[in-house]
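The values are calculated or read from the model by the stated rules, or taken from the named source; none is laboratory data. Since this is a predicted model, take the numbers as computed values, not measurements. Neighbour counts are summed over all protein chains in view; Cβ atoms, including those assigned to glycine, are modelled from backbone coordinates with ideal geometry. SASA here: full protein model, heavy atoms, side chains in, ligands and nucleic acids out. Shrake-Rupley method; radii C 1.70, N 1.55, O 1.52, S 1.80 Å.
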Amino acid sequence: LAQGFADDLLTTLCLATDAPIAIAPAMNRLMWANPATQANIATLRSRGILVFGPGEGDQACGETGPGRMLEPLQIAELAMAALSPGPLLEGARVLITAGPTRERIDPVRFISNRSSGKMGFAVARAARAAGAEVTLISGPVALDTPPGVRRIDVESAEQMHRAVQDALAGTDIFIAAAAVADYRSPAPAAQKIKKTDTSLELKLERAPDILASVAADARRPRLVVGFAAETERVAEHARAKLVDKGLDMIVANEVGEKLAFDTDDNALLVLWEGGSQEIARGPKQRIARELVGLIAEHYGRRGQARG
Ligand code: PMT
């Protein structure tokens with residue numbers, strides 16, 4: 001595992017998954033104490049692999065000491081505790097936006113961006129796994145709906161705005177992972193724009209800011225979480241958005257040609273008033289689980305603060 005070999009079914013699966021991995025070592029006490037073994041274990045731990053045990057006691061070789069596999073029941077209990085997020089958000093109603101929006105220019109053209117929806121869908125899956133009732137409002141993407149999640153498909157920022165407004169009542173947590181257009185055409189052409197001149201000027205107007213409108217709404221959810229896609233001075237720009245839009249939390253990611261948009265992995269910097277936490281680069285499914293853990297923590301704290 002430490003070397004990344006994939007020469008049998010188990011190691012192949014371990015290399016080809018973005019699911020969490022835990023190991024329960026079992027070996028002779030000297031083998032376990034050997035620096036080679038310990039260095040491999042340290043490598044695995046540094047990659048986020050969980051190590052259950054080993055225990056101490058009688059060994060199959062007749063010796064006694066550390067290296068004995070934990071009892072199967074202990075392994076099962078540790079796995080249950082460590083690998084399932086648990087019902088951290090049991091009963092919470094979570095509304096999530098994901099994917100890009102498309103702003104029409106004429107019947108065959110639109111302005112959009114490279115968002116694939118993978119980040120927002122991973123957050124929806126993780127929130128559902130944490131026991132939440134999840135509604136996912138998605139722009140045009142090529143992704144399957146996570147099991148147990150209610151999905152509403154939209155195309156433009158205006159449609160996403162309306163769908164969010166319609167679903168807002170009773171929402172406890174709003175998470176805006178969508179890459180919504182900032183500008184749109186005020187009057188898309190009814191017919192295909194003809195190529196007549198050597199250049200074409202497009203007039204654009206501001207699209208509705210969905211996230212800011214939710215944060216200012218009388219039905220404001222207990223926790224409003226935005227994303228910030230930044231190409232430079234990530235923390236600084238994200239913190240400005242946290243304040244300007246009146247958010248409880250902002251999830252910043254550095255974006256670029258090969259970063260965050262339409263990739264399978266990402267790295268996050270989560271900011272809130274008076275604090276921050278990094279979520280190390282990894283598959284979107286994993287970092288979404290960590291993010292949902294953090295969101296659940298803040299959600300719980302706000303609940304307590306309100307009594
Ligand atoms: O979909 P993927 O390919 O997986 O890529 C993931 C992602 C990079 C799109 C995602 O992680 C991300 O960063 N989403 C937010 C993208 C974005 O629009 O960021 P922004 O900094 O421009 O906007 C700030 C916040 O305001 C966002 O929460 C956004 O949803 C919201 N917003 C923006 C404009 C607008 N008109 N309405 C909004 O609600």
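Tabulated values for the structure
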| read-out | value |
| --- | --- |
| Heavy-atom accessible surface of segment 209-307: percent carbon and sulfur, 1.4 Å | 46 percent |
| Inter-label distance, nm, simple model (7 Å from Cα along the C-beta direction), I152/D182 | 2.6 nm |
| For the chain: accessible area per residue (Å², 1.4 Å) | 55 Å² |
| Pairs of Cα atoms farther than 32 Å apart, the chain, % | 39 percent |
| Protein accessible area in segment 140-185, 1.4 Å probe - carbon and sulfur % | 44 percent |
| Fraction of beta bridges assigned by DSSP in segment 55-210 that are antiparallel (%, nearest 5) | 40 percent |
| DSSP-defined antiparallel bridges as percent of all bridges, the chain, nearest 5 | 45 percent |
| Förster radius 41 Å - calculated FRET efficiency between V243 and Q191, Cβ distance, rounded to 0.05 | 0.40 |
| Highest-fluctuation residue, V243, V270, V292 considered, GNM on the chain with Cα pairs under 10 Å | V243 |
| Solvent accessible area, Å² - K192, 1.4 Å probe, full protein context | 110 Å² |
| Estimated [θ] at 222 nm from DSSP helical runs (n ≥ 4, -39500 (n - 2.57)) normalised by residues in the chain, nearest 500 | -10000 deg cm²/dmol |
| Rg/Rh (Cα only; Kirkwood hydrodynamic radius) as it applies to segment 124-181 | 0.94 |
| Axial C-alpha extent at least 27 Å, average Kyte-Doolittle at least -1.0 - helices from the chain (DSSP) | 284-306 |
| Pairs of alpha carbons in segment 46-177 whose separation is greater than 23 Å (percent) | 51 percent |
| Convex hull of segment 90-168 built on C-alpha atoms - directionally averaged projected area, nm² | 5.1 nm² |
| With every protein chain in place, segment 42-125: carbon and sulfur % of accessible area (1.4 Å) | 56 percent |
